[in-house]
Amino acid sequence: MAGVQSVQALATSSLAALPSEFVRSELERPGLTTFRGGDAPEIPVIDMAAPGFGARVAEAATEWGLFQVVNHGVPAAAVAELQRVGREFFSLPQMEKVRYAMDASSGKMEGYGSKLQKDLEGKKTWVDFFFHNLAPPAMVNHDIWPRHLAGYREANEEYYRHMQRLTRELFEHLSTALDLEGGAMWEALGGDELVFLQKINFYPPCPEPELTLGVAPHTDMSALTVLVPNDVQGLQVFKDGHWYDAKYVPDALIIHIGDQIEILSNGRYKAVLHRTTVNKEKTRMSWPVFVEPPAEHVVGPHPQLVTDGSPAKYKAKKFKDYRHCKINKLPM
């Protein structure tokens, strides 16, 4: 990373035009492919204080694979503090940020990095990131957490406690809607060994945002992703052949169904195909927490959801093997 220019540094270099390696094909350019009609369907916004909200969670997980929740019990102050320390990290001098650089070649997958590596089409995306594990304790390496940012550790540990509670609650509703025991999904995905991975995405202003993407289309390999954005529009969801904006809802958390829940539910719930656009004038940031099974944990369709009439649609795999196949674009 030290020898690679970050997108943040590139964005401050007075670019008149977007470098060609960031320009997507016409089929992927958001300026050409975003749904602009006035009759766009609304991505569900679910009030977790309303009666019967669990049924709406399951319906949204089936129809969209993504929904926003309000009255979710995560204090606004905890969210604001998480965002504050994240913004402060990206305000550090580049040489300071590089001290936390990830080094995939040495197996160091946590830390500061950039999606400047090319994809299969040779294209780059307009984003830098910083990520590290929040739990379980045996997987947390505080050496990669910024040591000199006041409140960074406290903000992340406090936010994690709320994420664990919220995840268990969502899993319970998703389980019971499948006629499983309330704790079935939590246990089937790893129980108390579930991995919580905090990531900060930083999308600086871009000279030609209609030609590029912050994140290319993908589904999350996690079980569930809980994302808090800043107020700059960017997340888009693919449904019924169209890309729709996920409108910013103040104080909402955005819930993504990931691949592992799709597999566990034998396809009843859908992992959401999504992407991120960027802005010409404003920096977009987001704080996703990825909830993943432990590396050695095997995930497959839940036995109670596999019948003669509904055979298994997915192979059972250790999560580490699934992740290897997905990252390297190998057959599943």
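The values are calculated or read from the model by the stated rules, or taken from the named source; none is laboratory data. Just so it is clear, the model here is predicted, and its values are computed rather than measured. Glycine gets a Cβ as well: all are built from the backbone with ideal geometry, and neighbour counts include every protein chain shown. Heavy atoms of the whole protein, side chains included, go into the accessibility calculation; ligands, DNA and RNA do not. Shrake-Rupley method; radii C 1.70, N 1.55, O 1.52, S 1.80 Å.
Among beta bridges identified by DSSP and lying wholly in the stretch 7-327, the antiparallel ones come to about 90 percent.
With charges only on Cβ, +1 for K and R and -1 for D and E, what is the dipole size of the stretch 7-327 about its Cα centre, in debye, rounded to 20?
780 debye
Cross-link check: pairs 97/239; 270/315; 123/315; 199/329 evaluated at a Cα-Cα cut-off of 26 Å; pairs beyond the cut-off: 97/239; 123/315. When the Gaussian network model of the chain links Cα atoms closer than 10 Å, the mean-square fluctuations of 86, 52, 111 top out at 52.
Please compute the alpha carbon radius of gyration of the chain, then divide it by the globular-protein estimate 2.2 N^0.38 Å. Two decimals is fine. Mind showing how you got there, number by number?
Working: Rg = 19.4 Å, N = 332, 2.2 N^0.38 = 20.0 Å.
Against the compact-globule rule of thumb, the ratio is 0.97.
With the simple spin-label model, which puts each label point 7 Å out from Cα in the Cβ direction, the residue 27 to residue 63 separation comes to 2.9 nm. Rounded to whole Å, the principal axis extents of the Cα atoms in the stretch 148-292 read 50, 46, 23, largest first. Compared with the dominant principal axis of the Cα atoms in the chain, helix 53-63 is inclined by about 70°. Note that the chain presents 45 Å² accessible area per residue, ligands and nucleic acids not counted, probe 1.4 Å. On the beta carbon distance between residue 84 and residue 49, with R0 = 25 Å, the FRET formula returns roughly 0.45. Dividing the convex hull volume of the alpha-carbon atoms in the stretch 231-332 by its residue count gives 152 Å³ per residue. Each stretch of four or more DSSP H residues adds -39500 (n - 2.57); spread over every residue of the chain, this sum gives -7500 deg cm²/dmol at 222 nm. Phi-derived couplings, Karplus 6.51 cos²θ - 1.76 cosθ + 1.60 at θ = phi - 60°, listed residue by residue for the stretch 257-267: 7, x, 4, 5, 6, 4, 5, 4, 7, 6, x Hz, with x used for Gly and Pro. Here's how it looks for residue 68: its modeled amide H is under 5 Å from those of 45, 46, 255, which are all 5 or more places away or on a different chain.
Seen against the Cα atoms of the chain and their longest principal axis, helix 76-91 is set at about 40 degrees. Helix 152-176 and the long axis of the chain differ in direction by around 30°, with both axes built from C-alpha atoms.
Put simply, the amide H of residue 221, placed in the peptide plane, has neighbours under 5 Å in 259, leaving out anything fewer than 5 places away on its chain. Just the protein heavy atoms count here, and of the accessible area of the stretch 7-327 at 1.4 Å, carbon and sulfur take up 52 percent. GNM on the chain, alpha-carbon springs under 10 angstrom: the most fluctuating residue among 92, 66, 180 is 92.
Toward the positive end of the charge dipole of the chain, with +1 on the Cβ of Lys and Arg and -1 on the Cβ of Asp and Glu, the farthest Cα among 19, 44, 236 is that of 19. Taking 45 Å as R0, compute the FRET efficiency from the Cβ-Cβ separation of residue 94 and residue 312 and round it to 0.05. That gives a FRET efficiency of 0.40.
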